[in-house]
Amino acid sequence: MATMRNYTFVLAVMAVSFIAASCSDAQVAKPDTTPTVAHSTPSKKFTTADVAKLKWIEGTWRGMDGDKPFYERYKIEETAMVVESLRADGSVNGEPDRFELKDGEFGKDEGDRRSVASEITADHIQFVPTVPGKSNSFRFERQPNNTWRAVLEWPAKGDKPAGHKIYIMEPWNP
């Protein structure tokens, strides 16, 4: 169950998490030839005020992975961002993921696959892996048309090249 939830979260982050920004009505995740995620290092200087900057991401969202929709609900609590994976009927699918502020670091604990924020602004949040090569970098970017995009970037592994994908998250009312 945890593996499926993590897979669903990764897909959502990809939808999120990284679609041509100029196409406000884009529905399908598309590979992009220009990387948009800046490489950076984790920060341990975040505060509750930084987490509050993410209020724009609160809501229920639909993304597309090819022709397959996925749904998520984001909520900002005082020191956390709670992400629920949803079914098409709006019911919760599994345990929520929690990105939490601890000792100045904002991230999600998954052992050596842990991702933490390197930057938080009023318009985006950048996550990077704490162990390079073990997980993806991803970025959530607020868009001016009440959508946001998730940009996922993954490292080369073995014979597989590095790559990235961008998804548009649109408001959804189940």
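Here are some notes:
- Proximal aspartates and glutamates relative to K44, as straight alpha-carbon distance under 14 Å, when same-chain residues fewer than 8 apart are discounted: E100, D103, E105, E119
- Taking θ as phi - 60° and the Karplus parameters 6.51, -1.76 and 1.60, the scalar couplings of the range 44-61 work out to 10, 10, 7, 10, 4, 5, 5, 4, 4, 4, 8, 3, 4, 8, 4, x, 10, 10 Hz in sequence order, x denoting glycine and proline.
- Listed by chain and number, the lysines placed with their C-alpha closer than 17 angstrom to that of K55 are K75; residues fewer than eight positions away on the same chain are left out.
- With all protein chains modelled, accessible area of K102 [1.4 Å, Å²]: 120 Å²
- The aspartates and glutamates within cross-link reach of K68, meaning a Cα-to-Cα straight distance under 17 Å and a gap of 8 or more places when in the same chain, are D25, D89, E170.
- Sites S91 and K160, calculated FRET efficiency, Cβ-Cβ separation with R0 41 Å, nearest 0.05: 0.70
- Antiparallel DSSP beta bridges within the range 29-169, as percent of all bridges there, nearest 5: 100 percent
- Taking amide H as placed 1.01 Å from N in the peptide plane, the amide H of E58 sits under 5 Å from none that are at least 5 places away or on another chain.
- Accessible area of the range 42-165 belonging to carbon and sulfur atoms, whole % at 1.4 Å probe: 48 percent
- The range 93-149 gives an Rg/Rh value of 1.01, both radii derived from C-alpha positions and Rh following Kirkwood.
- Solvent accessible area, Å² - E58, 1.4 Å probe, full protein context: 60 Å²
The values are calculated or read from the model by the stated rules, or taken from the named source; none is laboratory data. Here the structure is a predicted model, which means the values were calculated and not measured. Neighbour counts are summed over all protein chains in view; Cβ atoms, including those assigned to glycine, are modelled from backbone coordinates with ideal geometry. For the accessible areas, the whole protein counts, side chains as well, though only heavy atoms, and no ligand, DNA or RNA atoms are used. Shrake-Rupley method; radii C 1.70, N 1.55, O 1.52, S 1.80 Å.
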